[in-house]
Amino acid sequence: MFGPLAPSHLLTPAEFDDITATNYRGTWLCSRAELTYMIKQEPMKTHDGRPGNRGVIVNVASNLSLVSRSETPAYSASKAAILSMTRSDAVDYAKYNIRVNCVCPGIIDTPMTSEVSPNDPIISVAPMKRKGTPQEVADAVLFLCSSKATFIQGASLSVDGGYVIT
């Protein structure tokens, strides 16, 4: 949930609470339920003999958890909280062989960004100069879930066409 574009002093407490409850608390509730189940299961075998995991969680933060943009205090904070929770959970659940990572998408071609023009600075500043696709985000998530990523823990993978490096 993105919420209204507004600096902190113009954002209402209700708007702030809605955004953080949906993005951060919602992610925490899902993760909490997943972890409770994963701790109880046996590690999964891998196809190539690598150590197996009891499970993998890939949270969805945002490139705005890594860089700033004006008038997004609640959204950016809620996504940064997801990034911090991911890292904390990665430390706490490594002993159970549970991997926890997150992806940080940029502008992705979805209904949420339908009004963002291809010439918008948020797109043109990124080296790839386009919106990403939902499939590109899904591919990043699938990689982090795969046995090709068994030693990746607590990572944040930017899927944003290079936006955060500019």
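Each value in this text was obtained by applying a stated rule to the coordinates, not by laboratory testing. Bear in mind the structure is a predicted one, so any value in this text is a computation, not a measurement. Ideal geometry is used to build each Cβ from the backbone, glycine not excepted, and the neighbour counts take in all protein chains shown.
Mean-square fluctuations from a GNM of the chain, with a 10 angstrom spring cutoff on Cα atoms, peak among LEU83, LEU11, LEU29 at LEU29.
How would you rank ARG50, ARG99, going from fewest to most other Cβ atoms within 10 Å of each one's own Cβ?
Ascending Cβ contact count within 10 Å gives the list ARG50, ARG99.
Among residues other than PHE2 with Cβ under 13 Å from its Cβ, the summed charge is -2 (Lys and Arg +1, Asp and Glu -1). For the chain, the residue among ALA61, SER76, ALA140 whose Cα projects farthest onto the positive side of the dipole built from Cβ charges is ALA140.
For segment 8-165, the dipole from Cβ point charges (+1 on Lys and Arg, -1 on Asp and Glu) about the Cα centre works out to 640 debye, to the nearest 20.
Across the chain, Cα-Cα pairs more than 21 Å apart make up 51 percent of the total. Note on the chain: dipole from Cβ charges, positive end direction compared against ILE98, VAL159, TRP28; the farthest Cα belongs to ILE98. By the count of other C-beta atoms within 10 Å, a proxy for reagent exposure, ASP89, ASP160 are ordered fewest to most as ASP89, ASP160.
Seen from all directions on average, segment 1-43 presents a Cα convex hull projection of 3.8 nm². Along the axis of the charge dipole computed for segment 1-138 (Cβ charges of +1 for Lys and Arg, -1 for Asp and Glu, origin at the Cα centre), the listed residues HIS47, SER8, MET85 are led at the positive end by HIS47. Each residue in CYS102, CYS145, CYS30 was given a count of other beta-carbon atoms within 10 angstrom of its own, and listing them fewest first yields CYS30, CYS145, CYS102.
Summary of packing: across the peptides 115-123, 73-81, 19-27, the per-residue average of other C-beta atoms within 10 Å ranks them, highest first, as 73-81, 19-27, 115-123.
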